[in-house]
Amino acid sequence: MTEENNSKPNGTQSVTLKVRLKSNGHGDQPILANYSTIGVAQGLAHVDFGFIEPPVIAAVMRRAQTGGALPKHLEGKLATRVALPLDAVLRLQQQLTQVLTGLRQSRISKKS
């Protein structure tokens, strides 16, 4: 997998490098996550990706729509936790923005 990584060392200039990530054990296996949360502590962002069974989500949505009592908590499975330095979070945000902008433009062009 090759990605472009645009980083700004010392906040002054942009450098573009091609980065190739090699698999390390089971790291090449896809992980399905339908829930994510992020917290910041000690200069690191901890991103948790989890999976909540779809029937559980559907049941909660039905209860919410009918005004029923909602559970105090849901149980899911932690798929993975990623700890990122804050500068890596900024780069990830930039990359996600680029991807979402591209998807939005693709949808707009398909509708035309």
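When region 72-106 is filtered for residues that are out of contact with any helix residue (DSSP H, G or I) (no Cβ under 7 Å at 6 or more places or on another chain), outside any helix (DSSP H, G or I) and more than 21 Å from residue 19 (Cβ to Cβ), the ones remaining, listed by number, are 72, 73, 75, 76, 77, 78, 79, 81. Mind listing whichever residues of region 23-45 are in contact with a Gly (Cβ under 8 Å, 6 or more places away or on another chain), of a type in the set (Gly, Ala, Ser) and outside any loop (DSSP other than H, G, I, E, B)? Matches in region 23-45: 36, 45.
Conditions (1) exposed (fewer than 10 other Cβ atoms within 10 Å of the Cβ); (2) under 13 Å from the mean Cα position of the chain (by Cα); (3) without any contact (Cβ under 8 Å) to a residue 12 or more places away in the chain, marked per residue:
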position: 65; (1), (2), (3): yes, no, yes
position: 72; (1), (2), (3): yes, no, yes
position: 81; (1), (2), (3): no, yes, no
position: 96; (1), (2), (3): no, yes, yes
position: 110; (1), (2), (3): yes, no, yes
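Take the conditions (1) modelled with pLDDT under 75; (2) in a loop (DSSP other than H, G, I, E, B); residue 4 misses just one of them, which is (2).
The values are calculated or read from the model by the stated rules, or taken from the named source; none is laboratory data. None of these values were measured; they are calculated from a predicted model. Here the Cβ is made from the backbone with ideal geometry for all residues, glycine too, and neighbour counts use every protein chain on show.
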